[in-house]
Each structure stands twice: as C-alpha cells, then as structure tokens.
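Working notes for the structure below.
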Amino acid sequence: MNERQISAKRYALVVILLTLLLVAAVFVSFGIGRYKITPATLLEAVWAKFAEKVNPLLTKLFHLRIVAPEVNVSVNAIVWNSRFPRVIMACLVGCCLSGAGASYQGVFQNPMASPDILGASSGAGMGASLAILLQLGAKMTMVFAFVASIGAIALVMLVSRAARGSRVLRIILAGIMVSSLCNAVTSFIKLIADPNNILPAITFWMMGSLAKTRASSLGFTMLPMAAGIIPLILIRWRINLLTLSDDEAKTMGVNVPRVRLTVIVCATLVTAAAVSVSGLIGWVGLVVPHLCRKLVGSNYKRLLPVSLIGGAVFMLLVDDVSRNLLRTEIPIGILTAVIGAPFFLWLITRKSEVV
Amino acid sequence: MITVSNLTFSYGEQNVLEDVSFRADAGELLCVLGPNGVGKSTLFRCILGLESKYRGTIVCAGEDTRKIPADKLARMIAYVPQSHSPSFNYSVFDMVLMGTTAHVGGFASPGKAQTELAEKALETVGIAHLAYRGYQRISGGERQLTLVARSLAQQARLIIMDEPTANLDYGNGLRVLKQVKDLAASGLAVIQSTHNPDHAFLFADRVLALKDGAVAAEGKPVGTVTEELIESLYGIKSRVREFDGQHRVYPLL
C-alpha cells in the first residue's frame, strides 16, 4: 500500500468515525435534558411518526398499514416539538459556521479568518437588535438579522471594489470598517432600548443560543444554507488554488475573481442564515476547520466535507453542555468562546505544529 | 512554439518594454538576461496573460494569446514562480496536483488520470519520495522542484520560469537548472530569466538579453554573451574565457 492509499484510507476512516460520532451525538442530544429519553423510546417515536405519515398513503394504495407502538403524548411532544428542531438546528448551524470559516480561510489566504471576518455577524446583530427594539417578534428578528447581514457584506464588497490596493487586504479592511459601523448602530439601539425587557432580550440574542429554535424556523434557514453549502462543495477543489497568489492561480487556469466572489457570496449566505437563527456564536468557524486540518490536511477536497460534519458534531455537543450543565441554560456563544479562546492561544503558540 | 512580435508595454508614460521581438521553440531553453527592473517579469506577465494592455502580439501555437481563455492558455503555458511559502501546509503531492486544475471541469476535482499525471511529474523531477511531506517543511530547492513538477502536471508545452534559482543555495540552484535543462531536451519549450550569465553558458540553448526594455542581443550563448554585453547590461568589466570546453564569465572587480 503506497502513501497515497494510506492517506485516502485515513480520510475515509475520519469521515466514517465522524459520521458515527454525529449519530451518537444525535442520540445523546435527543436523550439528555430535563426529561430523559432512551434511544429505544426515541426509535419508537420516530417509527410512530413515520407510520403516521406513511400509513394514509399505504392504506389508500395497498390497503396496508405499518404497525407502530403507541407513544406517550408528552414524549412525542418533547421529541418532535422541542428536541428535534433544536438538534437539527445545532447540526445545521455548526455545519454552516465551520464550512464558512474553512472557506473564508482559503479565500483570504489566512488561517485566522472566521465567518464574522467580513461583518456578517455584526450586520446580523444590528438587524436583530433593531427588530427586537421595534418588538416585531421572533420571526421578524430572524428576517431582519438575515437581511442586515447580507446587506453588510454587500456594502463591504462595494466599498472594497472602489478602494485601492491588494484585493484581499481591502476586502478585509472594508469588513472591519463596516463591522464597526454596525456595532456602533447596535450600541445606539441598546442605549435607547427599554432596560427592563428589551435590552436583556438584545443582550441575550447577542450571546447566541439555540433555545428558541422552532420547527418553523428550520425551513427558513435550510434554504439559504443549502444554497450556500452546495456550491461550496462543488467548487471546493478550486478553493485550494485561491490560497496561492492570484497570478499563480490564474496561470493554472482559474478565473480568480469569479471563484473568489462565488466562495465569498456562498460563505456569507450560510453565515447569515446561521447567525440569524442562533445569534452570535463565535469561534466555531475558527476552531473546527483547524482541528480538521490536523486530521485530513489542507486539501479542501477533503477538508470541507470533514469540516461540515465536524462542525455539526462540535455544535451538538456544545449545545448539550449549554442546556444541561446548569439548571438554567448557558448561552452557547459563551461556551464556544470558553473553548475557543484557549484553543486559539494554543494555536498561535504552536503554529508550526498545525498542518 | 511562441512568437513575440513588437511587444511594447508601458506603465503610464514610461515604456517598460519597447518593441521586443523573439521566438522560442519546442526543445529549447531560452535564457533571458538583464539587470533588475529591466522588464523581464513584465515580459513574462504579458506572455502568461496576466497583462493584456500591451501593443504588439504574442502568438502561441498559432493563436493570439489575448484571445485564448484562461483555462485553455493554462493548458499551453505554465508558470513556475520563485519558491514561496503559502499560508497552508499542503502536501507536495497536492501542490503538484493543483497543476492539473485546467484539465478538470469547474465543479470537479482531479481524478485518477490527474493523480497519475501528478505522480509521473514527481518522478520526472526526482522527488517522488517527498510526495506526502508538507510543502512548508521541505527545503527551498525541493520546493522549486515541486513547482517545476506542478508545471509538468499542467501539461503545457511552454514553461515560463522567473528566476527559479533566486532563493536557492549553490547546489540546489544547479540541481534545479539541470532538471529544467533535461525537460527542455525532452521537447518542451522553456523560457527562464536569470541573474547569472554563467547559467546561460551552462544551460541555455539561446539567450535573450534585455536592456532598458529592449532587446540588446539574441542568439546562441557563445558569441552572444560577450564581455561588451556584460558591461553594457550590468556595468561590470569581465573576461569571457573558455575552460575545459565551457565558457565562463570572470568578473574583474
């Protein structure tokens, strides 16, 4: 067996193990909480739901029906109304932030880039605080966050187009500028917000949490997430070439401006979709891709899929801690920072070790 | 292979290249000599399609390069930059595999055929044993050879090298150039810039000397690289002498 086969085997093994870990994490996440649900009960509930959906059709077509166990009403409610949306959302948000982080790191040729580098998070924060201030309700908060986030990035791209200098550098500078503008607006909104109910709501949103996830918000986020993740997966090989200099990539046949814009737009779309439902959850997009680089190397052909699965696993596990560690829930953004900041320190002190 | 005719390029008012004409054929290593800032890199950027606002024409395999789309041009002309250090530690193999990108669709990754090309390229330049080492961890000479292998995997018939030995020590530099010479002998066209006139005698089939953006001399190394040329290009007095059948430049300081 040569080294190429060994490295391919290693990749396959990592994908399989991470997938198994993801399945295990899903069972754990469904199971733990104030009300414990055993894997057997969970499978019963899933089977019952499946039967409930499929039986009308089966009866109509073949006069058959699947026999399903009776499931306790409260178990059913917990599984489907509370844990199911939350587990799925944690997976999606983790997937998105980690995938977007890995993509930004490639496009900006910078291992320290993260999904909020261009101000997607600050924009979302501004939109969300405005919606909360105007008391528009949870759904509009999400919409506002999403639109403001995309708007912030659009502004960044416009400004960077007009500016002079290296393309990558001016996008980042424009990002910093727009971020701080959005943060200023958010601060002003906080200043004028009612300190008894609105200010705490804004503050809580900023900390990031999956607690308010409803099944109805899943559909809203899944569409932009899919619209961003699928193209990223398709062009992932070319992200490798963006990590080299523009001239090099161009002489290897890559349309650099077009590929870079595609990656930025897609990564922004998924970041905006994620932060609009979860609030500001930092560090995931930095920590997970770096861990994945250690596992499978820098090649985006392998790195991106592994980062996506790894992000889902990471977010699920952190969310489990966030809802079970204390009697009251800890906002997940705080936990990811507690894990992420020391990791970052370790990263910069041992940079030569990171593959 | 490639014919450059009356190429003139200017940054603002100042002409960087003035009426440069030459050709390079398959199986030939053309060495471009000239002092710093004479326009060697600009000339290469024009040939590679990185600059398009020039007057004159560059014709490769019968087509004006300005009219050739980037991916097709990449299948005709490959670029070997000076060895660099990218932000991420790709394996040497992945680095070489990137050269095959112009041969796969926009949504695809290199497949089996490209993998074999990359492996063959690594063997050709003699660094197959480094394939799974990190590119950031190998020596400067090995990196340069990796980039040469990458240009081979790109399967272009013309390879452009911008001072491939600039960051290399004496031994590594000569080893890389030997490798490049063998590639030219195998039927590729190679255009290479260098600061060392001895390299022209050692490796080049023909020499193109640039001065103030214009062609100062062109032809076989012996007879083209003369004491007068060295003084005119670099302002250094020298003796060009033959020793053991090889010509060398002996600078007089």
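The sole residue among A:Ile233, A:Ile229, A:Ile202, A:Ile189 that is touching a residue at least 40 places away in the same chain (Cβ under 8 Å), among the hydrophobic types (A, V, I, L, M, F, W, C), within 30 Å of A:Asp319 (Cα to Cα) and within 11 Å of chain B (Cβ to nearest Cβ) is A:Ile233. Scanning region B:123-143 for residues that are outside any helix (DSSP H, G or I) and either within 14 Å of another protein chain (Cβ to nearest Cβ) or in contact with a strand residue (DSSP E or B) (Cβ under 9 Å, 6 or more places away or on another chain) (or both) turns up B:Ile127, B:Ala131, B:Tyr132, B:Arg133, B:Gly134, B:Ile138. What residue, among those in region B:30-73 that are more than 14 Å from chain A (Cβ to nearest Cβ) and more than 20 Å from B:Asp19 (Cβ to Cβ), is surrounded by the fewest Cβ atoms within 10 Å (Cβ to Cβ)? Taking the candidates together, the pick is B:Gly62.
So that you can scan it fast, the table gives a plain yes or no per residue for (1) farther than 24 Å from A:Ile332 by Cα; (2) assigned to a helix (DSSP H, G or I); (3) over 30 Å from the mean Cα position of the chain (by Cα):
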site: A:Arg10; (1), (2), (3): yes, yes, no
site: A:Leu18; (1), (2), (3): no, yes, no
site: A:Val23; (1), (2), (3): no, yes, no
site: A:Arg65; (1), (2), (3): yes, no, yes
site: A:Asn76; (1), (2), (3): yes, yes, no
site: A:Ile88; (1), (2), (3): no, yes, no
site: A:Ser98; (1), (2), (3): no, yes, no
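Look at A:Ser216 and say whether it is surrounded by 15 or more Cβ atoms within 10 Å (Cβ to Cβ) and part of a helix (DSSP H, G or I). Spelling it out, it is not the case that A:Ser216 is surrounded by 15 or more Cβ atoms within 10 Å (Cβ to Cβ) and part of a helix (DSSP H, G or I). In region A:311-333, the residues that are touching a residue at least 24 places away in the same chain (Cβ under 8 Å) form Cβ pairs under 9 Å with partners that are charged (D, E, K, R) and in a helix (DSSP H, G or I), at six or more places apart or across chains, as follows: A:Asp319/A:Arg86; A:Arg323/A:Arg86; A:Glu329/A:Arg323; A:Ile332/A:Asp319; A:Ile332/A:Arg323. Taking each residue of region A:290-304 that is within 11 Å of chain B (Cβ to nearest Cβ) and looking for partners that are in a helix (DSSP H, G or I) and acidic (Asp, Glu) with beta-carbon atoms closer than 9 Å, six or more apart or interchain, yields A:Lys294/A:Glu353; A:Gly297/B:Asp94; A:Ser298/B:Asp94; A:Asn299/B:Asp94; A:Lys301/B:Asp94. Across region B:153-167, the qualifying residues are those that are outside any strand (DSSP E or B) and surrounded by 23 or more Cβ atoms within 10 Å (Cβ to Cβ), and the one among them that is nearest to the chain's Cα centre (by Cα) is B:Pro164. Assessment of region B:168-176 against the conditions (more than 30 Å from B:Met98 (Cα to Cα), over 15 Å from the mean Cα position of the chain (by Cα) and in contact (Cβ under 8 Å) with a residue 24 or more places away in the chain) yields no matching residue. With the structure loaded, tell me whether B:Phe243 is of a type in the set (Phe, Trp, Tyr) and under 17 Å from B:Leu33 (Cα atoms) or whether it fails that test. So B:Phe243 fails the test.
Elements of the type helices (runs of 4 or more DSSP H) sitting completely within region A:114-207 and holding at least 2 residues that are surrounded by 22 or more Cβ atoms within 10 Å (Cβ to Cβ) and at pLDDT 90 or above: these cover A:120-133, A:138-162, A:167-192.
Kindly indicate whether B:Ala78 is within 24 Å of B:Glu142 (Cβ to Cβ), of a type in the set (A, V, I, L, M) and in a strand (DSSP E or B). In short, yes. Restricting attention to region B:91-105, the residues that are in a loop (DSSP other than H, G, I, E, B) and facing chain A (nearest Cβ under 7 Å) add up to 0.
Touching a residue at least 60 places away in the same chain (Cβ under 8 Å), of a type in the set (S, T, N, Q) and farther than 27 Å from B:Lys178 by Cβ: does that describe B:Asn89? For B:Asn89, the condition - touching a residue at least 60 places away in the same chain (Cβ under 8 Å), of a type in the set (S, T, N, Q) and farther than 27 Å from B:Lys178 by Cβ - is not met.
The values are calculated or read from the model by the stated rules, or taken from the named source; none is laboratory data. Everything quoted here is computed from the prediction, not taken from an experiment. Note that each Cβ is placed from the backbone with ideal geometry, even for glycine, and that neighbours are counted across all protein chains shown.
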